[in-house]
Amino acid sequence: MKLDVRLPIGLLFSTLGVILAAFGGATNGNAALYSRSLGFNVNEWSGVAMLVFGLGMFHFGRRAQRRLTPPVEVDRKRHPARGKR
Amino acid sequence: MEGCRCLELCLPNLTHIDWLIVLFYLAFVLGVGLLLKFSTKTSSEFFQAGRSLPAWICGLAMVSLSVGAPEFIGMGAWGARFGLQAAQFFGIGSIPAMLFAGLYLMPRYYGSGASTIPGYVGMRFDEKTRRVSAWLFLLMMIFSAGIGLYALDRAAESLQILDRTFIQLGWSHQAIFPVVISLAALLVALYVLLGGLTASIYNQVLQFFVLVAGLLPVVLIGLKGVGGWEGLKTKLPGAHLHEWSGLLHVHGNSMGVGFVGLAIGLGFVLSLGFWGTDFLVLQTAMAADSAESGQRAPIIAALPRLFLPFLLILPGMIAIALPTPHTTTNISVGPDGSIVHNIQVVSAAAEHGKGLVPARSNPNTGEPITNASGEAILDADQATPQLMAHFLPTGALGLALTALLAALMSGLAAHFTAFSAVFTRDVYAQVCKGASDEHLVKVGRIAVLVAALLAIGSAYAALHFGDMLIELELIFSVVNAPMLAILLLGMSWKRTTSTGAFTGLLVGAAAALLHHGLTLATGGQAGLHGGWLSVLHQYPSEIEQNLCGGIAAFVFALIIAMAVSVATASNPEIEPARIVPVSGAGPVQWWKRAETWALLVLLAMIVLNLCFA
């Protein structure tokens, strides 16, 4: 098994992104909470940014993983044939 | 009716959402280790990630492991104390060395087929030199891993993350230190011993992105809060904003570093000692899938490293530029006619601090500690944590804490894998010759656990030392500087003999220790910080003292190694074929060549330096 590193990165960032964006959305307009961050809903923004990054990573990781997996199976089928020759 | 609301400033309220983020991240990192356990069976897979990783993964892992908790906390502290000058440690203090290591050293290390740097020393020289370099390296790993754990505790205590939990459990405040460092060390040890170097490197790449995601919001909001770059300019002393200001003379700058110390000590000996001979960083490049990838990894790592000061040093500068908090009382009339006293209580230490950076306080009385002239001594290590607590609401604060944990774990995991590989390959396997591959993996896993336990012990040593980056610098000057001397000599001069290298290594390390024992920084006390033999020379700063210690170690190691080599006959056992660099065919197109990439990174460094000169 060979794991493409972009898959776990994509998974982690998407999940954390969803958590943060959902929390940011739920607390939107809570002036007391966001007075610290100068009125900026930093949770929603960083959540959305992380979600986009995570989905992108996941997409490219899965594409690379798919490309990586089939040739390995083909190789295994070819090997015994080569051995017979 | 009169109400009273007391708000303690700078005490973040960690809520469930913060803990959810932190715990999810921790579970995830362990999960990666567990998943990779199934593909980690042979010793090559455990210690070298099967030598199968592409260059970009190795490069990102390399830059990630170079930012541990000491850099996360310490670079913020240096940003507060010295401003942009601290960026020297990222610019001239690492980029040229990384490019040199990539272009010229990596092909030799990778091509030799050695699995560790002491292993390469054994190939070029002999077994006894290999053993000495391995033991020196193991010692260095334990001490610097302890510094990483200590840095995490500093952050945990200044953010008061665990105080409430401990009070609820009825545990003493003193117990925070052992609990925090043991939990962190064992957690990292667990995923490293499961998945080996692959788990460590995969998590390092992940941790690099977590570090950026966690720090970027606080830097952006902090910069807005201080009024942008222009606002920072008006609130900080001029020298804080110029990377090169006053650096041509020792007394012209607040770091107390002179041009010789900077150019030779930092720009050559210590930086090349770290990026070019320290197996801690090179282990990732040596796990690359080909000699070309190994060559590219440090060059790829150099590019993000160039921009790290914006994430690590800038927070410290912003923290010290902000207004100092004071205890205030606002009396307002509520909507129902009641009088509300809004009292914002600020501790004495915070009030005597500068900006958000509090003064160092006496742990028993809580009173700020002052120096001889009555000025409060700043606790600069708190700069970045305090900035995070000041600007981030719950949620984003959890993410920033995760970034801190990610920094700690990436650095710590690298220490454990490097310790385990060097111990197993260069010490254990040489004593127990003929041990089976399975047996070596088992020993490697135990070594990871041993490294974690020893690191917990050495965290107590770091507790007594104080400034963690300076302690790291001192350790580098003792171990890396003489290693660099004998490796460079061995590569460039065929007549270097094993006896010469062996003596040079020992004399160099001894010279660094002796230098430390005989010199002291101005205002320092003899003891842990130097001068423990007698004080023959005083340096303007401890940074300069250790940079010069590194130069001394390098020069002594070089001269002694050359002299002894000339005196002893050339060693006929060296096989020159094994130490010739593997250049390979290499890509023909100029834009794919490692040299072109290195040149571009170098240009980017020069441009950035000119912009902030």
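Structural remarks
- Unit charges at the beta carbon, dipole of region B:103-216: most positive-side option, B:GLY122, B:LEU215, B:ILE201: B:GLY122
- When the square roots of the Cα gyration tensor eigenvalues are ordered a ≥ b ≥ c, the ratio a/c for region B:402-506 is 1.5 or more and a/b does not exceed b/c, which makes its shape oblate.
- Within chain B, percent of DSSP bridges classed antiparallel, to nearest 5: 50 percent
- Note on B:GLU292: accessible area is roughly 70 Å² with a 1.4 Å probe, heavy atoms of protein only.
- For region A:1-64 versus region B:591-613, the inter-centroid distance based on Cα atoms is 32 Å.
- Within chain B, longest stretch clear of exposed trypsin sites (Lys or Arg not before Pro) (DSSP loop, no more than 14 other Cβ within 10 Å): B:42-432
- Using a cut-off of 20 Å between Cα atoms, the listed pairs B:LYS37/B:LYS433; B:LYS41/B:LYS442; A:LYS2/B:LYS41; A:LYS2/B:LYS433; B:LYS233/B:LYS354; A:LYS2/B:LYS442 include B:LYS37/B:LYS433; A:LYS2/B:LYS433; A:LYS2/B:LYS442 as exceeding that distance.
- Among the protein heavy atoms, those of B:CYS611 account for about 90 Å² of accessible surface (1.4 Å probe, every chain in place).
- Helix B:594-611 axis, angle to chain B major axis (alpha carbon atoms, nearest 10°): 30 degrees
- Whether region B:158-231 is rounded, prolate or oblate, judged on the alpha carbon gyration tensor where a/c under 1.5 counts as rounded: oblate
- Taking label points 7 Å from Cα along the Cα-to-Cβ direction, B:GLU375 and B:LEU506 give a separation of 4.7 nm.
- Net length available on complete extension from B:LYS592 to B:ALA175 is 144.7 nm, with 0.36 nm assigned per residue and the Cα-Cα distance removed.
- Whether the protein assembly as shown is rounded, prolate or oblate, judged on the alpha carbon gyration tensor where a/c under 1.5 counts as rounded: oblate
- Probe 1.4 Å, all protein chains present, accessible-area order of B:GLU595, B:GLU230, A:GLU44, largest first: B:GLU230, B:GLU595, A:GLU44
- Rounded to the nearest 0.05, the FRET efficiency derived from the C-beta distance between A:VAL48 and B:THR365 at R0 = 56 Å is 0.75.
- Positive contributions from Lys and Arg (+1) and negative ones from Asp and Glu (-1), summed over other residues with Cβ under 13 Å from the Cβ of B:GLY102, come out at +2.
- Between region B:504-521 and region B:314-365, the Cα center-to-center distance that results, in Å: 46 Å
- B:ILE446 paired with B:HIS326, simple spin-label distance in nm, labels 7 Å along Cα-to-beta-carbon: 6.4 nm
- In this structure B:VAL564 has an accessible area near 30 Å², from a 1.4 Å probe over the protein heavy atoms.
The values are calculated or read from the model by the stated rules, or taken from the named source; none is laboratory data. Just so it is clear, the structure is predicted and the values come from calculations on it, not from any experiment. Note: ideal-geometry Cβ built from the backbone for every residue, glycine included; neighbour counts use all protein chains shown. Ligands, DNA and RNA are excluded from the accessible area calculation, which covers all protein heavy atoms including side chains. Shrake-Rupley method; radii C 1.70, N 1.55, O 1.52, S 1.80 Å.
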